[in-house]
Amino acid sequence: MTLQRSLLDWFARHARPLPWRRHYRPYEVWISEIMLQQTQMDTVLPYFERWMRAFPTVRDLARAPQSRVLELWQGLGYYSRARNLHHSARLIVERHGGEFPRDHEAIRSLKGVGPYTAGAISSIAFGEDRPIVDGNVIRVLARLYAMDAEPDRSEGSAWWRLQSSLIPPGQARLFNQAMMELGALVCLPKSPLCADCPVRSHCRAYQEGRVDELPRPRQRRATERVTAACIAWVKDGRVLVRRRPEGGIFGGLWELPEWKLARGSHLEPSRALAALRRHVGDSVDLSPAGVVRRSYTHHQERLHVYTAAGSGPSRDPDGWTVRRVPLSSPGVPLSAAYTRAIERIAASARPAERSRGRTQKA
């Protein structure tokens with residue numbers, strides 16, 4: 001039996017019942033592919049279901065205010081993806097009457113859609129014979145053909161051409177997904193389940209005893225350490241937040257007033273507080289509320305969280321919009337780090353409020 005037939009037969013039996021596979025609607029495939037960029041499947045699934053309840057069509061997404069879009073995305077990270085989806089939905093309504101475009105170049109023109117995502121939409125939603133090359137596919141190809149070359153997902157690379165040559169005519173939708181599914185469920189990065197692999201007899205790495213060596217690791221940039229601090233001014237159960245301007249990684253989201261304190265190192269709490277004092281002075285009475293860790297592609301950040309009593313400044317030093325929101329339920333889109341920070345502050349505030357209530361009753 002050919003490699004393709006073996007793999008397709010396996011996929012027919014073992015494919016996960018993912019929600020966008022029910023009908024292969026282009027809009028649903030598009031949303032799923034954007035959500036899956038930089039995000040694990042288990043994380044994406046509840047977000048996808050919630051998104052589809054809120055925005056079941058392109059027109060629903062286009063009509064929504066950006067604040068609602070960011071709120072539904074809250075916790076997925078890489079928020080430019082949500083802004084790009086919103087922008088592209090409006091473009092699809094304007095240029096294509098609300099129908100997701102079938103033309104490959106029109107798909108490529110959407111914000112946030114590169115060669116991989118365009119190929120995924122064209123093949124999975126529309127059945128076009130176009131390759132998909134992601135980390136799972138590269139791992140499967142590297143082992144099947146004992147490829148020592150450095151992984152390269154770019155369009156036109158050797159990996160791209162090889163995956164394209166393997167697609168059975170008219171079956172790109174199933175074959176591309178089968179390759180990705182094999183990498184996700186069987187051909188794992190560590191301890192692959194070779195005994196369960198439907199294409200083991202075709203695998204050169206397995207035959208040569210090199211499965212654990214391939215694919216060759218990519219050279220990674222060094223991770224930079226960053227220290228930051230934020231202040232939660234709390235009064236009467238409300239906290240001061242500010243809205244970041246559009247653009248950038250967290251554009252349009254709300255946060256506590258924040259300062260970058262050091263790059264290249266993680267400062268100890270005492271040094272972080274001293275560095276923060278240089279920004280806010282000694283008159284602000286600060287209480288530590290813990291440290292929140294944030295991880296980005298090329299740096300790891302420790303965010304020192306402090307609380308301060310009072311209303312806080314009426315104007316933001318950077319000119320950003322400020323607002324006081326309920327500490328227990330802010331009702332504005334926040335990054336995952338600031339969601340954790342505010343939840344922690346709210347939890348620590350509740351015992352103090354109960355204590356004050358008992359004192360007043362006494």
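The values are calculated or read from the model by the stated rules, or taken from the named source; none is laboratory data. Just so it is clear, the structure is predicted and the values come from calculations on it, not from any experiment. Cβ sites come from the backbone with ideal geometry, for glycine too, and all protein chains shown count toward neighbours. Accessible surface is based on the protein model in full, side chains and every heavy atom, while ligands, DNA and RNA are left aside. Shrake-Rupley method; radii C 1.70, N 1.55, O 1.52, S 1.80 Å.
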#### Entry: Apportionment of accessible area to carbon and sulfur, the stretch 67-176, percent (1.4 Å)
45 percent
### Query
For the chain, what percent of Cα pairs sit more than 27 Å apart?
58 percent
### Task
Round to a whole angstrom and tell me the spacing of the C-alpha centers of the stretch 82-147 and the stretch 47-77.
19 Å
### Task
Find which of Ala222, Gly248, Gly281 sits farthest along the positive direction of the dipole of the stretch 198-334, computed with +1 on the beta-carbon of Lys and Arg, -1 on that of Asp and Glu, about the Cα centre.
Ala222
### Task
May I have the convex hull volume per residue, in Å³, for the Cα set of the stretch 64-117?
79 Å³
### Message
Checking the cross-link filter: which aspartates and glutamates have an alpha carbon closer than 17 Å to that of Lys235, excluding same-chain neighbours under 8 positions apart?
### Response
Glu255, Asp285, Glu343, Glu353
### Query
So what is the calculated 222 nm ellipticity per residue for the chain, using -39500 (n - 2.57) for each DSSP H run with n of 4 or more, over all residues, to the nearest 500 deg cm²/dmol?
-13000 deg cm²/dmol
## Note on the structure
Note on the stretch 175-219: alpha-carbon gyration tensor, axes a ≥ b ≥ c; rule is a/c under 1.5 for rounded, else prolate if a/b larger than b/c, else oblate; result oblate
### Task
Return one number: the angle in degrees, 0 to 90 and rounded to the nearest 10, between the long axis of the Cα atoms of helix 80-96 and the longest principal axis of the Cα atoms of the chain.
60 degrees
### Query
Tell me, what HN-Hα J-couplings in whole Hz come from the Karplus equation 6.51 cos²θ - 1.76 cosθ + 1.60 at θ = phi - 60° for each residue of the stretch 101-118, using x for Gly and Pro?
x, 8, 4, 4, 5, 5, 5, 4, 6, 6, 4, x, 10, x, x, 5, 5, 4
### Query
Cα-based Rg of the stretch 225-265 per 2.2 N^0.38 Å, rounded to two decimals?
1.38
### Label-to-label distance, nm, for residues given as Arg13 and Glu150 (7 Å Cα→Cβ offset)
4.0 nm
### Summary
Per-residue accessible area, 1.4 Å probe, largest first, puts Val291, Val325 in the order Val291, Val325
### Unit charges at the beta carbon, dipole of the chain: most positive-side option, Trp10, Ala125, Val322
Val322
### Distant-in-sequence amide H partners of Arg225 (H built 1.01 Å from N, under 5 Å)
Gly264, Ser265, Gln300
